[in-house]
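I am attaching a structure below and will ask some questions about it afterwards.
The values are calculated or read from the model by the stated rules, or taken from the named source; none is laboratory data. A quick note: this is a predicted structure, and the numbers were derived from the prediction, not measured. Note: ideal-geometry Cβ built from the backbone for every residue, glycine included; neighbour counts use all protein chains shown.
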Amino acid sequence: MTTVRISDDSLALACGADAVAAAFLRAGCTVERVSSWGMHWLEPLVEVDGPDGWTGFGPATPADIPAILDGTSPKAIGRVADHPFIARQQRLTFARAGRTRPLSMEDYAATGGWAGLDRARALAPAEVIAEVTRSGLRGRGGAGFPTGIKWRTVADAPGDRKYVVCNADEGDSGTFADRMLMEGDPFALIEGMAIVAHAVGAAQGYIYVRSEYPHAIAKLSAAIGIAAPRIAPFRLDVRAGAGAYICGEETSLLNSLEGKRGEVRAKPPLPAIAGLFGKPTVVNNVLTLTALPHIMAAGGAEEYARLGIDRSRGTKPIQLAGNIRHGGVFETAFGIPLRELIEDIGGGTASGRPVKAAQVGGPLGAYIPPSRFDLPFDYEAFAAADAMIGHGGVVVFDDSADMGSLARFAMDFCAVESCGKCTPCRIGSTRGVELLDRIRDGAGRAVDAVEALPQMHNASKAGHGREADVALLTDLCETMRFGSLCALGGFTHYPVMSALEHWPEDFGPKVLGPEECG
Amino acid sequence: MDTLARIIAQHAASEGPLLPILHDVQAAFGCVDAAAEAQIASALNLSRAEVHGVVSFYHDFRASADPRPEVQLCRAEACQARGVEALVPAAEAAAGQRVRLSKVYCLGLCSVGPAARVGDTVHARLDVPALTALIEAA
């Protein structure tokens with residue numbers, strides 16, 4: 001009997017994997033539901049066990065099944081692991097992607113699972129922290145804070161209880177690596193959290209998953225039920241978010257876990273000192289935590305530290321999304337140029353039109369024009385270019401994109417999702433939307449009643465043209481950048497100002513002359 | 001014991017029980033209304049204002065039930081790059097007053113958008129016919 005592997009990742013399901021699986025069952029095949037390889041343009045991707053080993057086919061529909069089974073399907077892609085998209089990657093965090101059944105403890109143990117936890121538990125907590133520090137691992141959620149140093153702080157902080165919290169509130173558009181890991185390799189996340197718990201002395205952990213990911217919540221809950229004896233005495237629970245983007249910010253996530261409004265907390269105190277319920281708390285992203293089993297396995301820390309460039313060590317799962325021909329997850333060592341990712345690996349746009357821009361790092365990331373695609377994927381290089389890599393999402397736009405409309409969207413998103421705690425973000429975003437509307441419709445603004453008063457010596461009496469509005473927007477972005485409590489208000493200037501700088505022609509008629517924008 | 005009291009009792013012993021309670025109440029009644037807020041507040045020793053503050057903060061909780069079926073269409077950047085905005089007029093026409101067509105910012109299907117969610121099922125690579133069919137079947 002022929003065995004067939006089909007992913008049960010929610011992206012594969014959204015592309016019709018269940019119907020394909022059911023059709024294979026009707027054709028008399030044995031169907032194994034595995035995680036996704038992460039080649040999303042080929043989903044539903046089917047692997048069939050034949051005389052020459054496993055062969056991949058995709059994207060498959062139920063109508064393709066007879067041709068797939070008799071070997072005549074034009075959708076054959078050969079051995080999936082040899083596909084250039086997979087073969088070019090350095091998969092450490094995504095090593096199991098496509099290869100194991102997500103909820104099979106047998107598959108997990110057979111692919112090196114629990115080796116990291118067993119080795120960590122045989123070491124003293126301080127030695128575990130030292131190894132993670134040596135690996136050079138930095139927080140993969142976006143801020144890039146050195147993981148070992150955060151743990152050291154929690155381990156040293158006095159407290160009768162300590163917590164490990166996984167930030168799985170992956171709200172950034174263009175990112176799905178957390179979701180794929182939670183759905184495809186949930187035991188790796190559980191193992192990673194158990195390693196942290198041992199290192200810092202925590203007995204309880206929470207995984208805060210956004211409610212937009214029902215499949216991830218179901219998989220994790222099932223996986224925790226299965227693995228509970230393996231990680232005991234450490235206890236782990238899944239908590240669902242409630243549709244607030246801001247809860248991806250760690251302090252508002254902690255408030256949400258406590259059952260409060262997801263408002264940002266002022267820092268200090270750091271969560272490492274006074275976090276969940278006021279206790280010392282490690283808050284790490286899914287990608288950070290799932291990197292740990294590999295790092296803690298024998299020789300893992302050294303291998304990790306060898307990869308990457310400068311202060312960005314190890315690998316980063318990069319997510320290729322938006323208008324891109326070959327979208328999916330591409331894990332590789334830091335340092336790869338953006339152009340190679342988008343044009344070479346991603347194959348350019350899905351629409352076949354020229355690339356106009358790429359937004360890297362989610363809704364708060366800068367829009368980067370093709371002339372800057374030589375930028376290497378590295379925390380510091382992006383920061384120096386007034387951009388950020390964030391969670392590693394790359395959203396590609398073709399030449400039909402209206403950058404003025406995208407800048408307005410970014411400002412409006414900030415207004416809708418602002419938690420309301422600090423003024424620059426709460427009010428600045430609303431004023432920013434109004435300003436962008438005025439700049440884009442080119443109407444300008446007449447002198448108002450107060451400005452017309454003779455006492456208002458410094459107010460313009462000639463009305464406000466576009467240049468004045470652009471200057472005001474620039475100033476407003478500056479205020480939001482330096483005056484906001486967290487990254488939502490603090491980073492909204494990235495998409496807005498980068499769009500205005502590189503595509504002024506998309507902001508209505510003449511904003512800046514060609515000589516001003518270089 | 002009524003449904004609400006049973007939900008509260010289920011979570012009362014856990015740490016930070018308010019959000020799990022609100023999720024279950026929303027699922028059971030389609031909303032968290034003023035009466036439910038009062039009962040939850042009293043059980044958790046919170047003020048009604050505190051509970052109302054939480055309910056009104058999160059997009060997932062509603063003050064009154066909406067009996068219409070809901071289709072969530074992703075309108076975030078990656079789906080915009082793949083042309084979701086061009087589908088909106090047809091989607092609104094198909095939804096009419098019968099279906100609640102709501103915005104969601106990212107379902108994590110950013111490489112195969114436009115994407116939508118109905119209940120716990122997700123749909124990708126939507127075009128006008130596929131999205132219209134999805135809304136009409138909701």
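I need the strands (runs of 3 or more DSSP E) fully contained in the range A:4-100, keeping only those with at least 1 residues that are free of Cβ contacts under 8 Å to residues at least 24 places away in the same chain and surrounded by fewer than 20 Cβ atoms within 10 Å (Cβ to Cβ). Let's see the steps before the verdict.
Details: elements: A:30-34, A:46-50, A:53-57, A:76-78.
Passing ranges, in order: A:76-78.
Scanning for something in contact with a Gly (Cβ under 6 Å, 6 or more places away or on another chain), outside any loop (DSSP other than H, G, I, E, B), farther than 22 Å from A:Leu42 by Cβ and within 10 Å of chain B (Cβ to nearest Cβ), does the range A:366-380 turn up at least one residue?
Scanning the range A:366-380 turns up no residue that is in contact with a Gly (Cβ under 6 Å, 6 or more places away or on another chain), outside any loop (DSSP other than H, G, I, E, B), farther than 22 Å from A:Leu42 by Cβ and within 10 Å of chain B (Cβ to nearest Cβ).
Further question on the same structure: Can you work out which of the residues in the range A:140-161 that are assigned to a loop (DSSP other than H, G, I, E, B) and under 16 Å from A:Glu250 (Cα atoms) is farthest from the other protein chains (Cβ to nearest Cβ)?
Restricting attention to the range A:140-161, the residues satisfying the condition of being assigned to a loop (DSSP other than H, G, I, E, B) are A:140-145, A:157-161.
Of the ones still in play, those that are also under 16 Å from A:Glu250 (Cα atoms) are A:140-145.
On the way: A:Arg140: 16, A:Gly141: 15, A:Gly142: 15, A:Ala143: 20, A:Gly144: 22, A:Phe145: 24 Å.
Among those that are assigned to a loop (DSSP other than H, G, I, E, B) and under 16 Å from A:Glu250 (Cα atoms), it is A:Phe145.
Let me ask another. Anything in the range B:50-83 that is hydrophobic (A, V, I, L, M, F, W, C) and within 11 Å of chain A (Cβ to nearest Cβ)? List them, or say none. Reasoning before the result, please.
Step one: filter the range B:50-83 for residues hydrophobic (A, V, I, L, M, F, W, C), giving B:51, B:54-55, B:57, B:61, B:63, B:65, B:71, B:73-74, B:76, B:78-79, B:81.
Selection gives B:Val51, B:Val54, B:Val55, B:Phe57, B:Phe61, B:Cys74, B:Ala76, B:Ala78, B:Cys79, B:Ala81.
Further question on the same structure: Quick test for you: out of B:Gly53, B:Gly16, pick the one residue that is buried (at least 18 other Cβ atoms within 10 Å of the Cβ) and of a type outside the set (Ser, Thr, Tyr). Let's see the steps before the verdict.
Numbers: B:Gly53 fails: buried (at least 18 other Cβ atoms within 10 Å of the Cβ).
Result of the check over B:Gly53, B:Gly16: B:Gly16.
Of the residues that sit in the range A:257-282 and are facing another protein chain (nearest Cβ under 9 Å) and in contact with a strand residue (DSSP E or B) (Cβ under 7 Å, 6 or more places away or on another chain), which one is surrounded by the most Cβ atoms within 10 Å (Cβ to Cβ)? Outline the logic, then answer.
Step one: list which residues in the range A:257-282 are facing another protein chain (nearest Cβ under 9 Å), which gives A:257-263, A:276-277.
With the extra rule that they be in contact with a strand residue (DSSP E or B) (Cβ under 7 Å, 6 or more places away or on another chain), the set shrinks to A:257, A:276.
Numbers: A:Leu257: 26, A:Leu276: 24.
My answer is A:Leu257.
Still on this structure, I have one more. Sort out which residues of the range A:483-502 are of a type in the set (A, V, I, L, M, F, W, C), touching a helix residue (DSSP H, G or I) at 6+ places or on another chain (Cβ under 8 Å) and in a helix (DSSP H, G or I), and write them in order of number.
Step one: filter the range A:483-502 for residues of a type in the set (A, V, I, L, M, F, W, C), giving A:485-488, A:491, A:496-497, A:499-500.
From what's left, touching a helix residue (DSSP H, G or I) at 6+ places or on another chain (Cβ under 8 Å): A:485-486, A:488, A:491, A:496-497, A:499-500.
Listed by number, the residues that qualify are A:Leu488, A:Phe491, A:Val496, A:Met497, A:Ala499, A:Leu500.
Could I ask something else about it? At pLDDT 95 or above and under 30 Å from A:Leu257 (Cα atoms) - does that describe any residue in the range A:296-310?
Yes.
Is it fair to say A:Met180 is over 13 Å from A:Asn167 (Cβ atoms), crowded, with 22+ Cβ neighbours inside 10 Å and outside the structural domain of A:Val394 (by TED's automatic domain parsing)?
Yes.
Here is a follow-up. Would you mind stating whether A:Gln319 is under 30 Å from A:Glu131 (Cβ atoms), within 14 Å of chain B (Cβ to nearest Cβ), touching a residue at least 60 places away in the same chain (Cβ under 8 Å) and not aromatic (Phe, Trp, Tyr)? First the steps, then the outcome.
Numbers: under 30 Å from A:Glu131 (Cβ atoms): yes; within 14 Å of chain B (Cβ to nearest Cβ): yes; touching a residue at least 60 places away in the same chain (Cβ under 8 Å): yes; not aromatic (Phe, Trp, Tyr): yes.
In short, yes.
Let me ask you something else. Just the residues that are touching a Lys or Arg at 6+ places or on another chain (Cβ under 7 Å) and of a type in the set (Asp, Glu), please, taken from the range A:140-169.
A:Asp169
Let me ask something else. Looking at the structure I just gave you, is A:Ala19 away from every other protein chain (no Cβ under 14 Å) and of a type in the set (A, V, I, L, M)? Outline the logic, then answer.
Working: away from every other protein chain (no Cβ under 14 Å): no; of a type in the set (A, V, I, L, M): yes.
It is false that A:Ala19 is away from every other protein chain (no Cβ under 14 Å) and of a type in the set (A, V, I, L, M).
Is there any pair linking a residue in the range A:202-228 that is within 13 Å of chain B (Cβ to nearest Cβ) and in a helix (DSSP H, G or I) to one that is of a type in the set (Ser, Thr, Tyr) and crowded, with 21+ Cβ neighbours inside 10 Å, with Cβ under 7 Å and at least six apart or on different chains, and which?
Close Cβ pairs (under 7 Å, with a partner that is of a type in the set (Ser, Thr, Tyr) and crowded, with 21+ Cβ neighbours inside 10 Å) amount to A:His215/A:Ser10.
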